[in-house]
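J.: After the structure tokens below, expect a handful of questions from me.
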Amino acid sequence: MITPYEHSEAGKKQQVADMFNNISGKYDFLNHFLSFGIDLIWRKKAISLLKDMKPRKMLDVATGTGDFALESLRILKSDHIIGIDISQGMLDIALKKIEERSLSDRFRVEVGDAENLSFESNSFDAVTVAFGVRNFENLQIGLNEICRVLKPGGRAVILEFSNPKAFPIKQLYRFYSKHILPRIGKIFSKDNRAYTYLPESISQFPDGESFSQLLKNAGFKTAQSRPQTFGICTIYVGVK
Ligand SMILES: C[S@@+](CC[C@H](N)C(=O)[O-])C[C@H]1O[C@@H](n2cnc3c(N)ncnc32)[C@H](O)[C@@H]1O
């Protein structure tokens, strides 16, 4: 199993929480900087796939600093969204944004584990996850939980990095993620491992059909994958 801190005795979940607590202050900046801002386009596109169903009650799993949930509120105008995350440091940044934008009546965040959601079954119209599933300790259990809390007919939209397959993007991307991204990430985040763990965890993560199969195993009736930008990232849509 790929974990952030190879020599740590802690389990993956604790290591992931520690890592995001360490880098929370620099997370938003590095996200947009290291992706050349393309992540903003992916986020918008992913959320737009929920427009036709007009979800009213939503859950954003692994909400982090809250950007995906905030974008959902802006695009979908949902009544209410709950964001959960295991990192209090990331949620503190989300809370600041909620206060600054006076959104506390529509967006609430709480500490919570994707693999053991504290919500009743069949409660949400839509569940979103951006760049979160790769960090779960047990991916299948996390996906089972997402399916459980969705209402029948509800939709999960999951955005995650994937591995480009075609020449020369595959080679260019590998060079960038192995040699450039970890160096820039280390300088700004001051965490030696966070941006080395990132490409390592992407390269080992199931994508495309393999990920769609996990969604079906979780109980989704249909699961679609839509590769973005030469397959650097993929949007998955599961319908319960
Ligand atoms: C790369 S960040 C993504 C944050 C945000 N969704 C975004 O789009 O920027 C991944 C987040 O997943 C959270 N996370 C990892 N494992 C989790 C789990 N089992 N349950 C809840 N959150 C988790 C981390 O704490 C971190 O905030």
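The values are calculated or read from the model by the stated rules, or taken from the named source; none is laboratory data. Treat the numbers as computed from the prediction; the structure is a model and nothing was measured. Every residue, glycine among them, receives a Cβ derived from its backbone with ideal geometry; neighbour counts consider all protein chains shown. For accessibility, only protein heavy atoms count, side chains too; no ligands or nucleic acids. Shrake-Rupley method; radii C 1.70, N 1.55, O 1.52, S 1.80 Å.
J.: Does K26 qualify as being in contact with a Ser or Thr (Cβ under 9 Å, 6 or more places away or on another chain), open to solvent by 50 Å² or more (accessible area, probe 1.4 Å) and of a type in the set (K, R)? I'd like the intermediate steps shown before the answer.
T.: Numbers: in contact with a Ser or Thr (Cβ under 9 Å, 6 or more places away or on another chain): yes; open to solvent by 50 Å² or more (accessible area, probe 1.4 Å): yes; of a type in the set (K, R): yes.
Yes, satisfied.
J.: Moving on. Suppose we keep only residues that are loosely packed, with under 14 Cβ neighbours inside 10 Å and of a type outside the set (A, V, I, L, M) within the stretch 102-115. Which one would you say is nearest to the chain's Cα centre (by Cα)? Reasoning before the result, please.
T.: At the first step, the residues of the stretch 102-115 found to be loosely packed, with under 14 Cβ neighbours inside 10 Å are 102, 104-105, 110-111.
Right, trim to of a type outside the set (A, V, I, L, M) and you get 102, 104-105, 110.
Details: S102: 24, S104: 22, D105: 23, E110: 16 Å.
Top of the filtered list is E110.
J.: Tell me, yes or no, whether the stretch 43-52 has at least one residue that is open to solvent by less than 10 Å² (accessible area, probe 1.4 Å), within 13 Å of the ligand (Cβ to nearest atom) and under 22 Å from K178 (Cβ atoms). Write out each step before concluding.
T.: First, the residues of the stretch 43-52 that are open to solvent by less than 10 Å² (accessible area, probe 1.4 Å): 46-47, 50.
Those left that are additionally within 13 Å of the ligand (Cβ to nearest atom): 46-47.
Filter once more, so that each one left must be under 22 Å from K178 (Cβ atoms): none.
Taking every residue of the stretch 43-52 in turn, none turns out to be open to solvent by less than 10 Å² (accessible area, probe 1.4 Å), within 13 Å of the ligand (Cβ to nearest atom) and under 22 Å from K178 (Cβ atoms).
J.: Shifting gears a bit: Scan the stretch 29-39 for residues that are in a helix (DSSP H, G or I) and open to solvent by 90 Å² or more (accessible area, probe 1.4 Å) and jot them down. Quick ask: steps written out before the conclusion?
T.: Here is the first cut: in the stretch 29-39, the residues in a helix (DSSP H, G or I) are 29-34, 38-39.
Within the stretch 29-39, F29, F33 qualify.
J.: Any chance you could count how many residues in the stretch 200-223 are touching a helix residue (DSSP H, G or I) at 6+ places or on another chain (Cβ under 7 Å) and surrounded by fewer than 19 Cβ atoms within 10 Å (Cβ to Cβ)?
T.: 5
J.: Considering only residues that are near the ligand (Cβ under 8 Å from one of its atoms) and among the charged types (D, E, K, R), look in the stretch 53-79 and name the one that is surrounded by the fewest Cβ atoms within 10 Å (Cβ to Cβ).
T.: D67
J.: Any residue at all in the stretch 3-13 that's within 11 Å of the ligand (Cβ to nearest atom) and either surrounded by 21 or more Cβ atoms within 10 Å (Cβ to Cβ) or polar (S, T, N, Q) (or both)?
T.: Yes - at least one qualifying residue is present in the stretch 3-13.
J.: To continue, here is another question. Sort out which residues of the stretch 131-160 are closer than 21 Å to S48 by Cα and open to solvent by 10 Å² or more (accessible area, probe 1.4 Å), and write them in order of number.
T.: F131, K151, P152, G153, R155
J.: Something else: Among what's in the stretch 120-130 and is in contact (Cβ under 8 Å) with a residue 60 or more places away in the chain and away from the ligand (no atom under 13 Å from the Cβ), pick the residue that is surrounded by the fewest Cβ atoms within 10 Å (Cβ to Cβ). First the steps, then the outcome.
T.: As a first pass, look at the stretch 120-130 and keep what is in contact (Cβ under 8 Å) with a residue 60 or more places away in the chain: 123-130.
From the residues that got through so far, the ones that are away from the ligand (no atom under 13 Å from the Cβ) too are 123-126.
On the way: S123: 16, F124: 26, D125: 20, A126: 25.
Out of the qualifying residues, it is S123.
J.: Give the stretch 80-91 a look and list any residue that's open to solvent by 30 Å² or more (accessible area, probe 1.4 Å) and within 11 Å of the ligand (Cβ to nearest atom), or say none. Before you say what the answer is, go through the steps one by one.
T.: Filtering the stretch 80-91 down to residues open to solvent by 30 Å² or more (accessible area, probe 1.4 Å) leaves 80, 86, 88.
Selection gives I86, Q88.
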